[in-house]
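A short write-up of the structure that comes next.
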Amino acid sequence: MKYALVTGGSRGIGRAICIKLAEMGFSVLVNYQSNKAAAEETKLLIEECGGTAELLPFDVANGAETEKVLSDWQAAHADDYISVLVNNAGIRKDNLMFWMQDDEWNNVLNTSLNGTFYTTRALVKYMMNKKFGRIINIVSISGVNGMAGQTNYSAAKAGVIGLTKSLALETAKKRVTVNAVAPGFIETDMTKDLPQDELKKIVPANRFGKAEEVADLVGFLASEKAGYITGQVINISGGL
Ligand code: NDP
């Protein structure tokens with residue numbers, strides 16, 4: 001059995017990635033923080049298309065909890081390992097820098113940047129040991145170009161981009177690739193408060209993207225065919 005872990009797999013882009021990886025034959029570990037009903041729905045959608053899934057709730061921002069859940073999973077699956085890790089869990093707490101509160105800064109950094117570190121550190125050793133792995137980090141155009149009102153989010157995503165590039169150099173010889181996918185505006189819960197009709201005017205493709213479009217790209221990067229792509233940031237933003 002090939003296993004893939006998707007953090008934040010209960011909703012949005014993470015859910016679409018879970019379904020894509022299940023269609024590719026992976027047994028999918030669906031991580032989430034608190035929305036069990038949404039995670040159960042992801043599991044059901046996977047099973048409806050003939051795949052297998054297991055819920056694996058933990059807070060990616062909590063290093064000790066992440067380490068424990070993932071080492072318990074490994075202990076219960078001694079002959080297997082998680083060969084694909086998608087670090088997708090993330091939150092937005094937008095504010096201008098001069099109003100930004102400590103918790104708005106810390107929560108966003110702890111989830112995206114520290115969360116990516118904790119899950120990756122827990123799993124990369126098994127991938128290197130088995131000489132095959134795929135790590136795909138979901139970042140953002142905001143971390144590539146910057147976005148007013150998102151200094152916390154941009155800093156977190158830019159940090160993950162740095163992690164991606166450096167880790168790729170550490171793991172390439174062991175056939176473990178590490179890439180980042182940088183979406184622009186994608187229709188999910190995270191963007192439902194944004195004025196889509198206004199914002200789509202600044203997108204050359206004149207629309208928000210779909211979670212499934214991001215999932216298709218992640219699916220390719222997770223495949224055997226993508227073995228010569230590593231340390232890259234791939235934008236999926238309708239030209240933004
Ligand atoms: P959603 O808000 O729709 O979903 C967020 C997911 O992350 C949920 O599954 C949520 O779990 C999970 N999550 C949040 N915090 C934690 C945590 N501490 N531990 C574990 N899971 C957590 O987001 P999107 O699908 O829109 O975004 C997914 C990723 O894509 C994020 O990293 C985001 O920054 C990035 N992105 C999104 C864009 C967009 O336009 N939507 C654009 C660019 C990047 P639960 O259901 O339990 O709350």
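Excluding same-chain neighbours fewer than eight residues apart, the lysines reachable from LYS93 by a Cα-Cα span under 30 Å are LYS20, LYS36, LYS43, LYS68, LYS157, LYS165, LYS192, LYS200, LYS201, LYS210.
Give the angle, between 0 and 90 degrees and rounded to the nearest 10, that separates the Cα long axis of helix 36-48 from the longest principal axis of the Cα atoms of the chain. Computed tilt is about 60 degrees. Here segment 1-86 exposes an accessible surface that is 49 percent carbon and sulfur, computed with a 1.4 Å probe and the other protein chains kept in place.
Electrostatic bookkeeping for VAL30 treats Lys and Arg as +1 and Asp and Glu as -1; over the other residues with beta carbon under 12 Å from its beta carbon, the sum is 0. Taking 0.36 nm per residue of separation and subtracting the Cα-Cα distance, full extension of the segment from LEU44 to MET1 would add 13.6 nm.
Taking Lys and Arg as +1 and Asp and Glu as -1, the other residues whose beta-carbon sits under 11 Å from that of ASN88 total +2.
Can you give the translational diffusion coefficient of the chain in µm²/s, computed by Stokes-Einstein from the Kirkwood radius over Cα pairs at 37 °C and 0.692 mPa s? It would help to have the intermediate numbers written out before the result.
On the way: Rh = 17.8 Å.
The Stokes-Einstein estimate is 184 µm²/s.
The residue list LEU85, ALA122, THR171 was ranked by how far each Cα lies along the charge dipole of the chain toward its positive end, using unit charges on Cβ atoms, and THR171 comes out on top. About its Cα centre, the chain has a charge dipole of approximately 900 debye under the convention of +1 per Lys or Arg Cβ and -1 per Asp or Glu Cβ, with nothing else charged. With protein chains left intact and a 1.4 Å probe, residues in the chain average 47 Å² of accessible area per residue. Karplus-based coupling profile of segment 101-112, in residue order and whole Hz: 8, 4, 6, 5, 5, 5, 5, 5, 5, 5, 6, 6, with θ = phi - 60° in 6.51 cos²θ - 1.76 cosθ + 1.60 and x standing for Gly or Pro. On a 0 to 90° scale, report how tilted helix 63-76 is relative to the longest principal axis of the chain, with both axes built from alpha carbons and the result rounded to the nearest 10. That works out to roughly 30 degrees. In a shell of Cβ-Cβ distance under 15 Å around THR52, excluding THR52 itself, what net charge do Lys and Arg (+1) and Asp and Glu (-1) give? Net charge around THR52: -3.
Taking the longest Cα principal axis of the chain as reference, the axis of helix 151-171 is set at about 30 degrees. Normalising by residue count, segment 127-240 has a Cα convex hull of 105 Å³ per residue.
The values are calculated or read from the model by the stated rules, or taken from the named source; none is laboratory data. Bear in mind the structure is a predicted one, so any value in this text is a computation, not a measurement. In this analysis, Cβ positions are derived from the backbone assuming ideal geometry, glycine residues included, and neighbour counts consider all displayed protein chains. These area figures cover heavy atoms from the full protein model, side chains too; ligands, DNA and RNA do not enter into them. Shrake-Rupley method; radii C 1.70, N 1.55, O 1.52, S 1.80 Å.
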